[in-house]
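The values are calculated or read from the model by the stated rules, or taken from the named source; none is laboratory data. Computed from a predicted structure; not experimentally measured. Quick reminder, even Gly has a Cβ in these numbers, built from the backbone with ideal geometry, and neighbours come from all protein chains shown.
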Ligand SMILES: Cc1cc2nc3c(=O)[nH]c(=O)nc-3n(C[C@H](O)[C@H](O)[C@H](O)COP(=O)(O)OP(=O)(O)OC[C@H]3O[C@@H](n4cnc5c(N)ncnc54)[C@H](O)[C@@H]3O)c2cc1C
């Protein structure tokens, strides 16, 4: 076992982790630990854009952005946090630009923007161009830019180190460090530090059809949960409307932002019925439900469970003409193949590669795909982890990005608001951490810091059981897709809870085939199944308790939103015997009282 001393540890090298590292490293020695090589983090897969009310293309203001975010969240977001994020958005985009991020430009040289779901002009209710983008590689550019800046600033990186435990000083209830597994050698490392920030991303892999990379198994979220930290709003998980049929690979909402439309078996643009004002650019929860309903009513393509996404210029231009759509300079809005290739080249390439379909020539089969975790580790706006209804801060513990719940997304996130969340709260968290590490020394390490991890890995390597972890994982993903998906009922959720308990029992007897130490992916994936089971169970239990429909949580047995009883965040706690206990805390409302949500 090797030991390292730092002031601060950042777990995760996506947009949130790198932004935090950049700012935290101004306060002391900071190391970033990542199970992936940093630029392979999922942030690099983000295509469509990052929101900010710059108003470069047409009138816009941060206050409209904030209202859209609150409405998109189905009024569950904390409005103070939303207002802060949206008001900081314009300056943080300029900060990214100054760090070197190559945004697309307008002809006069300003940062170009496009439309995205749920972002509107609050006076007309029509979609507004608010998403800043670098073609359809926005996340890739953010990641490359921040990584270069971290290297320049001397942030230290431990690449391919998988963090497996959080170390606490139990007496003082303070953070003492983390335990990590070096993937290349199988060796355990203890990182002793007074502050730790988790930025481990989401957990879409818990569902069978997902847009998320294989690595997104909720490690950070699950391991802090096992150390007694509650999880907030876990019942809210977003399904993105346009995953490639069966594969789940994401086709960015930027396609609809550029004019693509959804069509059913009758060639009807069905979103006109569900959201008459913004149509295909309604919030994701609304569009995903509409697709499911079309399929259920037999209007999936050929009666199957998918619909078409049509990006052909002739289709787009037909609807633009019908609506009288205009460019900012007043000229009629039309697109060409060349224009679409320039704006959406990667996404068009995915369709060609994975489906053999050229979306400029043919419509593409799509279905909703598990995409984004609105819930997670509860934090305040400084990314400090808070552990109870009174928002008491846990000293030295931070979380930012998708693994955290601030909460700015409430029950449903708007597209392009995640990249914004990463950089805003990554930065605020990094700054707060810099202050903390200047003022505090680390507490002593607990005795036997690696004991818990060693025991777990030993069981998976050399236990007596014969259960195959990969089979458990696939059964889990199937039941989550079928029972804890876009539409839910009590029966479905209870069925899932039973199944998860059975799988958990079997997981106790799980054993890997490869007992080796070097690049033992078999072992690491088996360990990740444990995290997925924890996350799935919390999600299901919180969803069962919430007897209303709000945002992405849609209960067919309770179809209405119930503000009287449920305008509150859930907090799930793990009791010592493993049982889950739920508590609730109020939503922060500043100026927008809940209203009916129509698009
Ligand atoms: C295909 C796709 C497209 C998207 N497009 C957009 C978009 O256009 N706009 C938008 O706003 N949002 C978009 N999103 C959402 C957004 O990209 C993510 O929410 C965001 O990138 C998450 O960033 P993060 O920094 O929290 O984590 P990630 O970028 O996911 O990084 C997680 C990091 O944690 C590390 N890690 C995880 N577990 C461990 C462990 N046990 N030990 C050590 N390290 C660990 C990983 O190595 C990685 O470095 C998209 C998401 C997907 C999947």
_Please go through the range 498-532 and give me each residue that is buried (at least 20 other Cβ atoms within 10 Å of the Cβ) and under 30 Å from residue 285 (Cβ atoms), ordered by number._
500, 503, 528, 529, 530, 531, 532
*Looking at 196, 179, which one is touching a strand residue (DSSP E or B) at 6+ places or on another chain (Cβ under 9 Å) and surrounded by fewer than 24 Cβ atoms within 10 Å (Cβ to Cβ)?*
179
*Check residue 448 against each of (1) under 28 Å from residue 28 (Cα atoms); (2) touching a strand residue (DSSP E or B) at 6+ places or on another chain (Cβ under 7 Å); (3) without any contact (Cβ under 8 Å) to a residue 60 or more places away in the chain and name the one condition it does not meet.*
(2)
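Is it the case that residue 221 is out of contact with any strand residue (DSSP E or B) (no Cβ under 9 Å at 6 or more places or on another chain) and within 15 Å of residue 535 (Cβ to Cβ)? Spell out how you get there, then give the answer.
Numbers: out of contact with any strand residue (DSSP E or B) (no Cβ under 9 Å at 6 or more places or on another chain): no; within 15 Å of residue 535 (Cβ to Cβ): yes.
It is false that residue 221 is out of contact with any strand residue (DSSP E or B) (no Cβ under 9 Å at 6 or more places or on another chain) and within 15 Å of residue 535 (Cβ to Cβ).
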_Checking the condition within 30 Å of residue 536 (Cβ to Cβ), touching a helix residue (DSSP H, G or I) at 6+ places or on another chain (Cβ under 6 Å) and at pLDDT 95 or above, which residue from 399, 404, 370 passes?_
370
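Output the residues belonging to the range 31-48 that are part of a loop (DSSP other than H, G, I, E, B), within 7 Å of the ligand (Cβ to nearest atom) and under 22 Å from residue 154 (Cα atoms). I'd like the intermediate steps shown before the answer.
First, the residues of the range 31-48 that are part of a loop (DSSP other than H, G, I, E, B): 35-37, 41, 46-48.
Imposing the further condition that a residue be within 7 Å of the ligand (Cβ to nearest atom) reduces the set to 35-36, 41, 46-48.
Correct list: 35, 36, 41.
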*Only one of (1) within 29 Å of residue 331 (Cβ to Cβ); (2) assigned to a loop (DSSP other than H, G, I, E, B) fails for residue 93. Which number is that?*
(2)
*So which residues in the range 376-426 are in contact (Cβ under 8 Å) with a residue 12 or more places away in the chain, in a loop (DSSP other than H, G, I, E, B) and away from the ligand (no atom under 13 Å from the Cβ)?*
380, 381, 382, 387, 388, 389, 391, 407, 410, 411, 412
_Matching residues, the range 488-497, being buried (at least 20 other Cβ atoms within 10 Å of the Cβ) and not in a helix (DSSP H, G or I)_ = 488
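Report the residue count in the range 185-205 for those that are part of a loop (DSSP other than H, G, I, E, B) and within 14 Å of the ligand (Cβ to nearest atom). Spell out how you get there, then give the answer.
Filtering the range 185-205 for residues part of a loop (DSSP other than H, G, I, E, B) gives 185-187, 193-194, 199-203.
From the residues that got through so far, the ones that are within 14 Å of the ligand (Cβ to nearest atom) too are 199-203.
Adding up the residues that qualify gives 5.
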*What number of residues within the range 120-145 are touching a strand residue (DSSP E or B) at 6+ places or on another chain (Cβ under 9 Å) and either under 19 Å from residue 37 (Cβ atoms) or not in a strand (DSSP E or B) (or both)?*
7
*Members of the range 49-90 that are within 16 Å of the ligand (Cβ to nearest atom), in a loop (DSSP other than H, G, I, E, B) and within 23 Å of the chain's Cα centre (by Cα)*: 49, 52, 53, 73, 77
*Just name the residue that is surrounded by the most Cβ atoms within 10 Å (Cβ to Cβ) out of those in the range 256-268 that are at pLDDT 95 or above and outside any loop (DSSP other than H, G, I, E, B).*
256
_Tabulated pairs, the range 18-31, first over 14 Å from residue 398 (Cα atoms), second at pLDDT below 95 and more than 16 Å from the ligand (Cβ to nearest atom), C-beta under 6 angstrom, 6+ apart or interchain_ = 25/153
*Of these, 107, 102, which one is away from the ligand (no atom under 11 Å from the Cβ), outside any helix (DSSP H, G or I), at pLDDT below 95 and over 30 Å from residue 586 (Cβ atoms)?*
107
*Is it the case that the range 206-214 has a residue that's closer than 25 Å to residue 425 by Cα, within 8 Å of the ligand (Cβ to nearest atom) and surrounded by fewer than 21 Cβ atoms within 10 Å (Cβ to Cβ)?*
yes
*Subset of the range 146-181 [in a strand (DSSP E or B) and away from the ligand (no atom under 11 Å from the Cβ)]*: 156, 167, 168, 169, 174, 175, 176, 177
*If you scan the range 316-360, which residues turn out to be surrounded by 19 or more Cβ atoms within 10 Å (Cβ to Cβ) and in a helix (DSSP H, G or I)?*
316, 340, 343, 344, 347, 348, 350, 351
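So if I check each of 547, 590, which one is part of a loop (DSSP other than H, G, I, E, B), on the phi < 0 side of the Ramachandran plot, in contact with a strand residue (DSSP E or B) (Cβ under 6 Å, 6 or more places away or on another chain) and surrounded by fewer than 15 Cβ atoms within 10 Å (Cβ to Cβ)? Before the answer, list the steps.
On the way: 590 fails: in contact with a strand residue (DSSP E or B) (Cβ under 6 Å, 6 or more places away or on another chain).
Testing whether each residue is part of a loop (DSSP other than H, G, I, E, B), on the phi < 0 side of the Ramachandran plot, in contact with a strand residue (DSSP E or B) (Cβ under 6 Å, 6 or more places away or on another chain) and surrounded by fewer than 15 Cβ atoms within 10 Å (Cβ to Cβ) leaves just 547.
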